[in-house]
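Trainee: Next up is a structure, given as structure tokens.
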Amino acid sequence: MPYRIFGLTILIVLLHLDAGGLPVDDKSTDRPILASEKKKVEDLIARASYLQMTKNDSTLVVATEALNLARTYSSVFHEARALQVIANYNFDKERYKDAQDNLRQLLVLYTLTGDSLGKANCHNRLGQAYYNLGI
């Protein structure tokens, strides 16, 4: 009988130590992006891409709005697409320092998503920006 009480006491102590105030990461704040939110961000990115192809100055406004929405919805994929539009726009407008900053952020996002083709294109564009700056 004393062994049972001793064993039970040890079990209670171990359980108490295991739950000793450590934060639990149960991913309860992670949620998938809703279809309506996804459509809104994709529409903004498509519009920004079109404006970027036509060399319109409204590109930055629309792409930044898409970037902010993607960050709000915690969608790394859409954040990368919006940042790609911004980086390409800055590169086309010969704002190479801004393009480099965007491309470095984009490399981190492509690493998170595992997009090796996107990383390769980003490295290529970054090299072109360094070349155009004479570095």
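The values are calculated or read from the model by the stated rules, or taken from the named source; none is laboratory data. Owing to the predicted nature of the structure, the values given are computational and were not obtained by experimental measurement. Glycine gets a Cβ as well: all are built from the backbone with ideal geometry, and neighbour counts include every protein chain shown. To get the accessible areas, we keep the full protein, side chains included, count just its heavy atoms, and leave off ligands, DNA and RNA. Shrake-Rupley method; radii C 1.70, N 1.55, O 1.52, S 1.80 Å.
Trainee: Give the residue that is least open to solvent (accessible area, probe 1.4 Å), with candidates limited to residues of region 56-95 that are at negative phi and among the acidic types (Asp, Glu).
Mentor: Within region 56-95, the first condition is being at negative phi, and the residues that meet it are 56-73, 75-93, 95.
Those left that are additionally among the acidic types (Asp, Glu): 57, 65, 79, 92.
On the way: ASP57: 101, GLU65: 96, GLU79: 29, ASP92: 61 Å².
The qualifying residue least open to solvent (accessible area, probe 1.4 Å) is GLU79.
Trainee: Further question: Please enumerate the residues belonging to region 48-87 that are farther than 22 Å from GLY114 by Cα and either touching a Gly at 6+ places or on another chain (Cβ under 7 Å) or aliphatic (A, V, I, L, M) (or both).
Mentor: Going through region 48-87, the residues farther than 22 Å from GLY114 by Cα turn out to be 48-65.
Across region 48-87, the qualifying residues are ALA48, LEU51, MET53, LEU60, VAL61, VAL62, ALA63.
Trainee: Which one of these does GLY134 not meet: (1) part of a helix (DSSP H, G or I); (2) surrounded by fewer than 14 Cβ atoms within 10 Å (Cβ to Cβ); (3) of a type in the set (Gly, Ala, Ser)?
Mentor: Evaluating GLY134 over (1) part of a helix (DSSP H, G or I); (2) surrounded by fewer than 14 Cβ atoms within 10 Å (Cβ to Cβ); (3) of a type in the set (Gly, Ala, Ser) leaves (1) as the failure.
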